[in-house]
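Written below as structure tokens is the structure these notes are about.
The values are calculated or read from the model by the stated rules, or taken from the named source; none is laboratory data. Note that this is a predicted model, so its numbers are computed, not measured. Note: ideal-geometry Cβ built from the backbone for every residue, glycine included; neighbour counts use all protein chains shown. Keep in mind that these areas ignore ligands, DNA and RNA; they rest on the heavy atoms of the full protein, side chains included. Shrake-Rupley method; radii C 1.70, N 1.55, O 1.52, S 1.80 Å.
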Amino acid sequence: ISRSVAWLRGNRPVDLIFSDIHLSDGLSFEVFRQVEPPCPLIFTTAYDEYAIQAFKLNSIDYLLKPIMADDLRTALH
């Protein structure tokens, strides 16, 4: 979590973030509690139970794994 926070604070903003919900050291929501997302977010996960939390962070989509090509294409449009 701390490395992700440091990266977001120390680098130029990106155009889009794809983020898994489960990271090796916690949930990605912790990153975005510490750093406001600088761009749109698309969450990817195998779990549907986090969708409401994701949309509270203004994510633009929530893709369940395995990610289908059509779903990815729709998210990017």
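In the chain, how does Rg compare with the Kirkwood Rh, expressed as the Rg/Rh ratio over alpha carbon atoms?
Ratio of gyration radius to Kirkwood radius: 0.95.
Around residue 18, which amide H atoms from residues at least 5 apart in sequence, or from another chain, sit under 5 Å from its own amide H, with H modelled in the peptide plane?
It is 42, by chain and number.
Let me know the charge dipole size of the chain about its Cα centre in debye, to the nearest 20, where only the beta-carbon of Lys, Arg (+1) and Asp, Glu (-1) is charged.
Value, rounded to 20: 300 debye.
So, R0 is 25 Å and r is the distance between the beta-carbons of residue 11 and residue 76; what FRET efficiency does that work out to, to 0.05?
Once the sixth-power term is evaluated, E becomes 0.70.
Taking a probe of 1.4 angstrom, what is the accessible area of residue 28 in Å², to the nearest 10?
0
Given a Förster radius of 25 Å and the C-beta distance between residue 55 and residue 34 as r, what FRET efficiency does 1/(1 + (r/R0)^6) yield to the nearest 0.05?
Plugging the Cβ-Cβ distance into 1/(1 + (r/R0)^6) gives 0.85.
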